[in-house]
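Chemist: What follows is a structure written as structure tokens; I'll ask about it next.
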Amino acid sequence: MSTPFSWTPDTAEDRTEAALKSAATDPAVKSVFLKLLADRAREQAKAAGKTRSPLAGALISVKALFDVRGETTTSATIVLAGNPPAEADSPAIARLDAAGGVFVGLTNMSEFAYSGLGLNPHYGTPQNPLSPGAAPGGSTSGGAVSVALGLCDIAIGSDTGGSLRIPAAFTGITGFKPSQASVPLEGGVPLSDSLDSFGPMARTVDACELAWQVMAGLPTTPVDARPARLVIPVNFGFTEIDPAVEAGFKAVVESLRDAGFDVIEKELDCISLYGEVPPWHMTSVESRAHFEALFQSRPSDFDPRVHARMGRAGEISAIEYRQTLNRRAAFIKAFREELGDDMLLLPTTPILPPSVESLEDDGTFNTQNLLALRNPSLANGANACSIALPYAHEGTTLSAMLVAAGGHDQTLLACAKAVEAVLGKLD
């Protein structure tokens, strides 16, 4: 069965062997995988031709927070490393397996998915192939690098505040955060029950769309490219912006308008409500709720920065947490009503990937982490869907982000395909 993708069932075995060899021997791949799934990958590659799914034969990396049958789900921590192996694949992973996906390995990540920069003090930090010496972006760091290096066609990850889109932006690929309700969260180590979403990264919108459809249990029917009206929210996302990001975004807007897109600039009234919904209230309280026993009994085994962020749960009361959830519900409603069928257009992050060396300083780390998370976190707070799209400007690879109201995944992907065609002509 022919497909419009770079993989086929017929080439699955050869491509699997090449990926496994490179992952095991290439210094550039150091710290990308926590474990290669060689035996299972070979079995899947041999069986790829037995399914008629267009995903059959695709090489897939799986973030280490998903349950994979027979493997310990560590979430790139030490504190979970002694847990028993998972008895079954998580639902999303099982669907990818049934569709003929080939699981190359479990990828590294920020511990507990609790950072937008992708550093991990336990298992090392994957090298950024696009910007040597720079952070790969997180938390799905290993997944993004596995695609950027060409080892995998698709990376499966999670997104709580940008964890699919930030590493996509930092490594020059596409990252799709679906609507939270579209992909089951069962069988995944949680960070925030309120904000977590599961989704894919790949080189193209088409590949992300296919992987998401399989994960969501939907028919694998591609949508046609179709523009939507794009809204640039002038009161959000453009402060503390790197000059290269600002210049590149201006070029994107000009090119989209030249291509016939309706692109408008306006203030979003609902941003004032968003300012009253601190995301850390949800991430800190909800992660502590899941891991309180380990937080208290094994603090020295945590990434100190992750432990500190979880520790902030003690700064707010149960009443304040509930008030935050109530304000978020009001914001979600206002965002949906104000945006309608339009889509936001923003730089995915206002910054370029910072150097790993600079992030040794806690103050620099905290500042850069917050900046990396700022723009993409809007979609999580709004219970929306969002996609990061790479482009080039004056020799630098950058990323533009679309955001649509929750449940509008198909129309977002249709618009993303139209935008992708324009961005592909930039240089």
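The values are calculated or read from the model by the stated rules, or taken from the named source; none is laboratory data. All figures in this text were calculated on a predicted structure; none of them were measured in a lab. Counting neighbours? That spans all protein chains shown, and the Cβs are built from the backbone with ideal geometry, glycine included.
Chemist: Which one is farthest from D67 (Cα to Cα) among residues in region 103-138 that are surrounded by fewer than 24 Cβ atoms within 10 Å (Cβ to Cβ) and of a type in the set (S, T, Y)?
Modeler: Here the residue is S131.
Chemist: Can I ask one more? Of all residues being acidic (D, E) and surrounded by fewer than 22 Cβ atoms within 10 Å (Cβ to Cβ) in region 31-89, which is farthest from A18 (Cα to Cα)? Just the residue, please.
Modeler: Checked region 31-89; the qualifying residue farthest from A18 (Cα to Cα) is E87.
Chemist: Residue by residue through region 374-394, note down the ones that are surrounded by fewer than 24 Cβ atoms within 10 Å (Cβ to Cβ) and of a type in the set (A, V, I, L, M, F, W, C).
Modeler: Correct list: A392 only.
Chemist: Turning to a different aspect of this structure: Filter region 256-273 for residues that are more than 26 Å from the chain's Cα centre (by Cα) and either touching a residue at least 24 places away in the same chain (Cβ under 8 Å) or buried (at least 17 other Cβ atoms within 10 Å of the Cβ) (or both) and give the result.
Modeler: Selection gives A259, G260, F261, D262, I264, E265, K266, E267, D269.
Chemist: Assess whether R288 counts as being of a type in the set (K, R) and out of contact with any helix residue (DSSP H, G or I) (no Cβ under 6 Å at 6 or more places or on another chain).
Modeler: When the stated conditions are applied, R288 does not pass them.
Chemist: Now for a separate question. Exactly one of (1) surrounded by 22 or more Cβ atoms within 10 Å (Cβ to Cβ); (2) of a type in the set (A, V, I, L, M, F, W, C); (3) touching a Phe, Trp or Tyr at 6+ places or on another chain (Cβ under 8 Å) is unmet by L185. Its number?
Modeler: It fails just one condition, (1).
Chemist: Hey, among S146, S141, S197, S179, which residue is among the small types (G, A, S), in contact with a Gly (Cβ under 7 Å, 6 or more places away or on another chain) and either within 17 Å of E420 (Cα to Cα) or crowded, with 24+ Cβ neighbours inside 10 Å (or both)?
Modeler: None of the others qualify; the one that does is S141.
Chemist: Okay, moving on. Mind checking which helices (runs of 4 or more DSSP H) fall wholly inside region 317-425 and carry at least 1 residues that are in contact with an Asp or Glu (Cβ under 7 Å, 6 or more places away or on another chain), under 30 Å from N128 (Cβ atoms) and touching a residue at least 40 places away in the same chain (Cβ under 8 Å)?
Modeler: 362-381, 409-423
Chemist: Tell me which of these S255 doesn't satisfy, since it passes every other one: (1) of a type outside the set (A, V, I, L, M); (2) closer than 23 Å to A384 by Cα; (3) in contact with a helix residue (DSSP H, G or I) (Cβ under 6 Å, 6 or more places away or on another chain).
Modeler: It fails just one condition, (2).
Chemist: Looking only at region 341-381, which residues are more than 20 Å from A113 (Cα to Cα) and either of a type in the set (F, W, Y) or in contact with a Pro (Cβ under 9 Å, 6 or more places away or on another chain) (or both)?
Modeler: Selection gives L344, L345, L346.
Chemist: Could you tell me whether any residue of region 70-78 is within 23 Å of P219 (Cβ to Cβ) and either touching a residue at least 40 places away in the same chain (Cβ under 8 Å) or not hydroxyl-bearing (S, T, Y) (or both)?
Modeler: Checked region 70-78: no residue is within 23 Å of P219 (Cβ to Cβ) and either touching a residue at least 40 places away in the same chain (Cβ under 8 Å) or not hydroxyl-bearing (S, T, Y) (or both).
Chemist: Residue by residue through region 337-379, note down the ones that are under 21 Å from G407 (Cβ atoms) and either over 22 Å from the mean Cα position of the chain (by Cα) or modelled with pLDDT under 95 (or both).
Modeler: E337, E338, L339, G340, D341, D342
Chemist: Still on this model: Among the residues in region 76-93, are any under 24 Å from the mean Cα position of the chain (by Cα), acidic (D, E) and either modelled with pLDDT of 95 or more or farther than 24 Å from C208 by Cβ (or both)?
Modeler: Within region 76-93 (the criterion being under 24 Å from the mean Cα position of the chain (by Cα), acidic (D, E) and either modelled with pLDDT of 95 or more or farther than 24 Å from C208 by Cβ (or both)), the answer is yes, since at least one residue qualifies.
Chemist: Just name the residue that is surrounded by the most Cβ atoms within 10 Å (Cβ to Cβ) out of those in region 403-427 that are more than 16 Å from the chain's Cα centre (by Cα) and acidic (D, E).
Modeler: Out of the qualifying residues, it is E420.
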